[in-house]
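Quick notes on the structure that follows.
Where a number appears in this text, it was derived from the coordinates with a stated rule and is not lab data. Since we're looking at a predicted model, the values are computed, not measured. Here the Cβ is made from the backbone with ideal geometry for all residues, glycine too, and neighbour counts use every protein chain on show.
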Amino acid sequence: MTLNAQPTARARLIDELRTHALVIGEVVLTSGRTAQYLVDAKRAILRPAGFLALAELVAAQAQAWGASAVGGMTMGADPIACAALAGGADVKAFFVRKEVKQHGLSRRIEGPVLDDDDRCMLVEDVVTTGGSTIRALEALRDEGRQVCGVLAICDRLAGGAAAIEQAAGAPFVSLTTIDDVYPERPDRE
């Protein structure tokens, strides 16, 4: 295979999500909604091929937005923030806890200390309603941090993107949508 014949990072990510992350069957989503399928992105991005594709894409978006910090709500955002570092982005990685830690330094935002001039790129694995991303956004704002954009691995096309973009007052970009990952799904409009 010649260099030009290699699939793009986005195509590789979609392939990894289809192969490893798509779970068909009734599940309850974080939002509380019931769905007939789930995209468990961590199943794909915590494997070498998925992680490398993600690293390339996240680092490129961080650079495009001039981000100096990348992170979001813990668990969903953790591997994405680490992928930004692995992809060569010159950023700090951070994780937002669901609640302030009651011991140690009693922090809600973990990682290197974010400075007043840091431009934070908020990241999420899968977006449905946008609720957890908006909670992370509120935690950042509570600490006086600015968000330059929000990046998701997969948008389920259920209204979360618009809710996030409105709450953030910053652009929202999704690397893939459910149409890319599961085009034959039964609820496709």
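Taking the longest Cα principal axis of the chain as reference, the axis of helix 131-142 is set at about 20 degrees. Quick one: net charge of residue 60's neighbours, Cβ under 13 Å, K/R +1, D/E -1? Residues near residue 60 contribute -1 overall. Please determine, in degrees from 0 to 90 and to the nearest 10, the orientation of helix 48-65 with respect to the longest principal axis defined by the Cα atoms of the chain, where the helix direction is its Cα long axis. It is inclined by approximately 50 degrees. Using Cβ point charges alone (K and R +1, D and E -1), the dipole size of the chain about the Cα centre works out to roughly 340 debye.
The value of relative contact order for the chain, using C-alpha pairs under 8 Å at least six residues apart, is 18 percent. Taking the charge dipole of segment 114-154 about its Cα centre, with +1 at Lys and Arg Cβ atoms and -1 at Asp and Glu Cβ atoms, the residue from 130, 147, 120 reaching farthest to the positive side is 130. Each Cα pair under 8 Å and six or more residues apart adds its sequence gap; the mean of these over the residue count of segment 100-189 is a relative contact order of 27 percent.
Rounded, prolate or oblate: which one fits segment 83-149, using the alpha carbon gyration tensor with axes a ≥ b ≥ c (rounded when a/c is under 1.5, else prolate when a/b beats b/c, else oblate)? Rounded, because the longest to shortest axis ratio a/c is under 1.5.
All other residues whose Cβ lies under 10 angstrom from that of residue 73 are scored, Lys and Arg at +1 and Asp and Glu at -1, for a net of 0. For residue 43, neighbours were defined as the other residues whose beta-carbon sits under 14 Å from its Cβ, and their charges (Lys and Arg +1, Asp and Glu -1) total -1.
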